[in-house]
Amino acid sequence: MSGSGVLMSGIGIHISKNDINLIFDELENNRPFEACGVLIGSQEGGIITVKMAVPVKNSNRTERSFELDPTEFYNAWNSAEKDGFEIVGVYHTHPSSPAKPSAWDKDTMQNTSDVWVIAGIDGISAYRMAEGMVETVEMI
């Protein structure tokens, strides 16, 4: 374990360059506010494959937190299920800080085992909460 309190997980996430670019576009287009969305795809074994990143309105619209708009989230979830996929994670942006979970992120991550992709001023990283610890998810 590093001094950051982040462990390496045994899973990986495959996300296309196009979806990574979409997330960075969301970061720039919504600055100074956080942007967010869902990651739709599938999971087999320890590999999560993202079919598409879908922007979802940030109902909270602040510079330090996000809240997925319930109606847009439901529509994305419903569409994913109709296509035989599921929501495998969420993404959000840190327009003025690194791509590491904030204290607010860590508290909120306690409620889900989904992967969180965070785009910040230093790049993009993926995490998940497992047994009360934040783990780094390898982006493959």
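Readers should treat all values here as calculations from the given coordinates under stated rules, not as data from a laboratory. None of these values were measured; they are calculated from a predicted model. Cβ coordinates were reconstructed from backbone atoms using ideal geometry, including for glycine residues, and neighbour counts include every protein chain displayed.
The aspartates and glutamates whose alpha-carbon is closer than 16 Å to the alpha-carbon of K82, local same-chain residues fewer than 8 away aside, are E72.
Short-range pairs are left out: with C-alpha atoms under 8 Å and at least six residues apart, the relative contact order of the stretch 56-140 is 21 percent.
Gain on full extension, evaluated as 0.36 nm per residue between T71 and I140 minus their Cα-Cα distance, stands at 21.7 nm.
Only Lys, Arg, Asp and Glu carry charge here, each on its Cβ (+1 for the first two, -1 for the last two); on that basis the stretch 6-139 has a dipole of about 160 debye about its Cα centre.
Look at H14, H92 and count the other Cβ atoms within 10 Å of each Cβ; fewest to most, that gives H14, H92.
Placing unit charges on each Cβ (+1 for Lys and Arg, -1 for Asp and Glu) gives the chain a dipole about its Cα centre, and among T93, G46, S59 the Cα reaching farthest toward its positive end belongs to T93. Sorting L27, L39 by the number of Cβ atoms found within 10 Å of their own Cβ, with the fewest placed first, yields L27, L39. Only helical runs count toward this figure. For the chain, summing -39,500 (n - 2.57) over DSSP H runs of n ≥ 4 and dividing by all residues gives -7500 deg cm²/dmol at 222 nm. A Gaussian network model of the chain, with springs between Cα atoms under 10 Å, assigns the largest mean-square fluctuation among Y127, Y91, Y74 to Y74. Recomputing mean projected area of the Cα convex hull in nm² from the coordinates shown identifies the correct label among (i) 19.5; (ii) 7.9; (iii) 6.9 as (ii). Placing +1 on the Cβ of every Lys and Arg and -1 on the Cβ of every Asp and Glu, with nothing else charged, gives the stretch 10-78 a dipole about its Cα centre of roughly 40 debye.
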